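Okay, structure first, notes after.
The values are calculated or read from the model by the stated rules, or taken from the named source; none is laboratory data. In this text, all values refer to a predicted model and were calculated from it rather than measured experimentally. Here the Cβ positions follow ideal geometry from the backbone for every residue, glycine too, while neighbour counts run over all protein chains shown. With ligands, DNA and RNA removed, areas are computed over all heavy atoms of the protein, side chains included. Shrake-Rupley method; radii C 1.70, N 1.55, O 1.52, S 1.80 Å.
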Amino acid sequence: ATQRTLSLIKPDATRRNLTGKINAKFEDAGLRIVAQKRLHLTKAQAGEFYKVHAERPFYDELTTFMASGPIVAQVLEGEDAIAKNREVMGATNPADAEAGTIRAEFAESVGENSVHGSDAPETAKEEIAYFFAGLELVG
Ligand code: CMP
């Protein structure tokens, strides 16, 4: 079925001017960018977005990093968009990511791994709503 998922291009990638190359990977895989904006989160906003990880040892490092520079938030739409996006991103740790995936090509470490994507329909819905109003989604 057609799905939507929330994607973030992280500060390590915007810093290296990789937004276009990453977007090309999504579009080549048949994902449509139906909303997109560049923003610079505060640490508190990053903390709210990643609150499910609040008890993890890397939470402080993660939220400091996500507030360290601009990100690009986007909504990707397509057939099985959630799984397809995760395929195109590759494994969380770039050392485990398959060749040709975004993280294999661009990520610097498990923390600075260039992209985030929602992991399930319910989280996709919540994460899209965190960044976008309904009017901003142009399918
Ligand atoms: P993401 O898909 O954005 O969801 C949570 C993030 O936590 C994950 O990608 C990683 O970037 C980050 N993360 C996971 N494990 C570690 C770790 N051991 N050290 C730092 N960051 C991590």
Is it fair to say Gln36 is open to solvent by less than 70 Å² (accessible area, probe 1.4 Å) and either under 16 Å from the mean Cα position of the chain (by Cα) or within 15 Å of the ligand (Cβ to nearest atom) (or both)? no
When you check Val138 against the structure, is it in a strand (DSSP E or B), under 18 Å from Leu6 (Cα atoms) and among the β-branched types (Val, Ile, Thr), yes or no? no
All positions within segment 107-139 that are among the hydrophobic types (A, V, I, L, M, F, W, C) and open to solvent by less than 30 Å² (accessible area, probe 1.4 Å): Ala107, Val115, Ala124, Ile128, Phe131, Phe132
Tell me, please, whether a residue that is more than 18 Å from Gly111 (Cα to Cα) and modelled with pLDDT under 95 can be found in segment 1-16. yes
Filter result (open to solvent by 50 Å² or more (accessible area, probe 1.4 Å) and over 21 Å from Gly139 (Cβ atoms)) within segment 1-19: Arg15, Arg16, Asn17
Whether any residue in segment 101-120 is among the charged types (D, E, K, R), farther than 15 Å from Ile9 by Cβ and either at pLDDT below 95 or over 13 Å from the mean Cα position of the chain (by Cα) (or both) is what I want to check. no
Picking from Gly78, Gly90, the residue that is within 14 Å of the ligand (Cβ to nearest atom), open to solvent by less than 40 Å² (accessible area, probe 1.4 Å) and under 24 Å from Arg38 (Cβ atoms) would be Gly90
Any strands (runs of 3 or more DSSP E) falling wholly within segment 1-100 and containing at least 2 residues that are free of Cβ contacts under 8 Å to residues at least 60 places away in the same chain: 32-39
